[in-house]
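Written below as structure tokens is the structure these notes are about.
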Amino acid sequence: MIKAHLDQLLELDQPTPSAGFDADFKARLAAETGDLSLDQLDQLLELDQPAPSAGFDADFKARLAATPRARRRLAWIGALAAAAALALGLWWPRAEAPRPEEAPMLAHLDLLEVYEEVDLLDALEDEDTFEAVAQLHTLEVTR
Amino acid sequence: MIDDDAALMCRVRDGDVAAFNELFARWRSPIVRFTVRFVGHQARGEELAQDIFLKIYRARARYEPREAFKAYLFRVATNHCLNEVRRAEYRRRPISVDELLREPMDTHGASPDALIEAARMQRAVREAVASLPETQRAVLLLQKEQGMPLKDIADLLETTVSAVKSLLTRARRALMVELAPFMTPHAAEISARGDLNAGLGAVAPDGGR
């Protein structure tokens with residue numbers, strides 16, 4: 001509340017340049033810079049008016065023309081990359097997809113994981129051993 | 001209400017290449033004048049001017065006529081020039097009289113001696129402007145060269161009008177100190193008339209570098 005009031009009071013004080021401000025500034029500037037006035041400075045600055053050289057337009061048009069070509073080249077590279085990615089995408093899942101005859105093996109993948117252990121066993125010679133091996137997957141494997 | 005140039009730029013945005021050529025033809029000279037004086041070097045200034053037009057063309061799809069086209073154009077130009085002079089590897093190149101003599105110039109059939117004197121004077125002016133601090137240079141060129149209102153310059157540089165006034169005053173004072181030795185009052189009078197042959201005789205003898 002107090003701050004808002006203070007801001008309002010501060011707004012009331014808006015100093016503006018006095019009548020002699022410009023003349024005073026020019027006099028001070030003249031003391032620093034000799035006889036050169038602001039008008040003279042402006043005239044002096046106008047002496048340097050660089051203009052486009054003879055080749056400017058042609059150079060620019062060449063650069064402008066190169067822009068779409070470069071973009072078209074990039075577009076081609078992008079399209080080729082997209083086509084390659086698409087082809088790879090179509091081929092890769094097929095390479096990985098199981099064939100129908102592999103389905104039973106995949107269904108017993110857990111048994112294959114202990115294949116090495118099973119391979120160490122001797123040939124099954126009697127019915128009891130055969131039964132034990134048939135129940136092997138129900139046993140807890142300890143290593 | 002959009003200006004003619006902004007309307008042209010809208011057509012560029014919509015794919016009208018002829019409209020871009022028209023804008024380029026209208027603004028190439030003011031932009032080259034701005035960039036060359038900003039960096040103090042003709043060839044580099046021209047490259048920057050081309051960069052600016054290319055930037056505008058490449059960004060055409062995003063153009064929205066929210067301000068006068070001139071303000072938009074010089075916003076791009078000023079930012080591009082400021083980026084150039086703020087680059088770590090940027091070095092201001094010395095300006096040679098020979099180089100200035102190769103620049104396009106309306107000589108009014110002046111003698112070779114007069115042309116050399118004119119080139120010396122031009123070099124002094126260009127060096128003085130190019131040696132100003134970058135924000136002072138930007139304000140001076142936008143205000144003196146382009147006649148841009150202080151409010152627009154303040155918006156463009158994201159500062160206040162009083163800060164712009166202060167920068168402008170400091171720039172002019174620095175130039176007056178720097179260039180005072182180059183002109184006699186008579187020479188100023190002559191240069192105001194653009195009479196190169198007559199004016200060059202009034203150049204202070206110790207003014208050349």
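By the rule of a C-alpha distance below 21 Å, with chain neighbours fewer than 8 residues away ignored, the lysines paired with A:Lys61 are B:Lys55. Once the gyration tensor of the Cα atoms in region B:41-80 is diagonalised, the equivalent ellipsoid follows with semi-axes of 21, 12, 6 Å, ordered largest first. Peptide A:60-67 shows a mean partner chain C-beta count of 4 within 10 Å per residue C-beta. Divided by 2.2 N^0.38 Å, where N counts the residues, the Cα radius of gyration of region B:1-88 comes to 1.07. For a straight C-alpha distance cut-off of 23 angstrom, the lysines reachable from B:Lys144 (same-chain residues fewer than eight places away being disregarded) are A:Lys26, B:Lys70, B:Lys165.
Read-outs throughout are calculated quantities, based only on the coordinates presented, and are distinct from any laboratory measurement. Quick caveat, the model's predicted, so the values are computed rather than measured. Neighbour counts are summed over all protein chains in view; Cβ atoms, including those assigned to glycine, are modelled from backbone coordinates with ideal geometry.
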